[in-house]
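Comments concern the structure below.
The values are calculated or read from the model by the stated rules, or taken from the named source; none is laboratory data. The shown structure was predicted, so the numbers you read here are calculated from the model rather than taken from an experiment. Note: ideal-geometry Cβ built from the backbone for every residue, glycine included; neighbour counts use all protein chains shown. All accessible areas refer to the heavy atoms of the entire protein, side chains included, with ligands and DNA or RNA removed. Shrake-Rupley method; radii C 1.70, N 1.55, O 1.52, S 1.80 Å.
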Amino acid sequence: MNEKLAVYEDKMQKSLNNLLDEYATIRAGRANPHILDKLRVDYYGTPTPIQQVANVSIPEARMIQIQPWEPAMVKEIEKAIMTSEIGINPVNDGKMIRLVFPELTEDRRKELVKDVKKKGEQCKVAIRNIRRDANDAFKKQIKANEISEDEEKQLLDEAQKLTDKFVAEVDKTIDDKSKEILTV
């Protein structure tokens, strides 16, 4: 791998990682503790991830249980969940919070798959934009006589192969997440 391409490969990997993080927050009818990853609770004036103030467990397939280490945090965690976009009402028994995931309807599953595909397409566009930036940089280098025409051709070819590799990974990720959502 050419070191001139390494920076662009890193950017493409970051785009893919970002997509994977977004997919982790999409609930597919099963309890997934990652939907709480973006939530922050007010812990003595500091926005803190729920996982740092409570024990998060999955006692059964469609339930997340949140047990705060300090009883005073129950209300804060409940408030953070209520104001988030998770779309699940927390059940608070005073000591812990339970999130019960309803079974997804067929229409909701199809909506989620559309969303997954849309996010995947956005990621592919980002990867192609990175390739375009790489190609522009190589064309500038040839104009400045920093690289030869043969080197430019090889770099453009490698940039395309790199793009194809990441686009294929995005397609596989889209398929995997779509199957997960559509599996009842």
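Here are the numbers for this structure:
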| read-out | value |
| --- | --- |
| Residue that is farthest from the chain's Cα centre (by Cα), among those in the stretch 1-57 that are open to solvent by 70 Å² or more (accessible area, probe 1.4 Å), charged (D, E, K, R) and under 17 Å from Q160 (Cα atoms) | E3 |
| When residues of the stretch 83-99 are limited to those that are at pLDDT 85 or above and touching a Pro at 6+ places or on another chain (Cβ under 9 Å), the one farthest from R30 (Cα to Cα) | K95 |
| Condition met for S84 (open to solvent by 20 Å² or more (accessible area, probe 1.4 Å), within 20 Å of the chain's Cα centre (by Cα) and either aromatic (F, W, Y) or over 18 Å from K177 (Cβ atoms) (or both)) | yes |
| Number of the exception - A61 against (1) of a type in the set (G, A, S); (2) farther than 19 Å from M82 by Cα; (3) surrounded by 14 or more Cβ atoms within 10 Å (Cβ to Cβ) | (3) |
| Total residues in the stretch 121-152, condition open to solvent by less than 70 Å² (accessible area, probe 1.4 Å) and outside any helix (DSSP H, G or I) | 3 |
| Search result, residues across the stretch 100-142 that are out of contact with any Lys or Arg (no Cβ under 9 Å at 6 or more places or on another chain) and under 16 Å from K4 (Cα atoms) | R131, R132, N135, D136, K139, K140, I142 |
| Sole residue being within 23 Å of the chain's Cα centre (by Cα), modelled with pLDDT of 85 or more and open to solvent by 70 Å² or more (accessible area, probe 1.4 Å), chosen from K110, K177 | K110 |
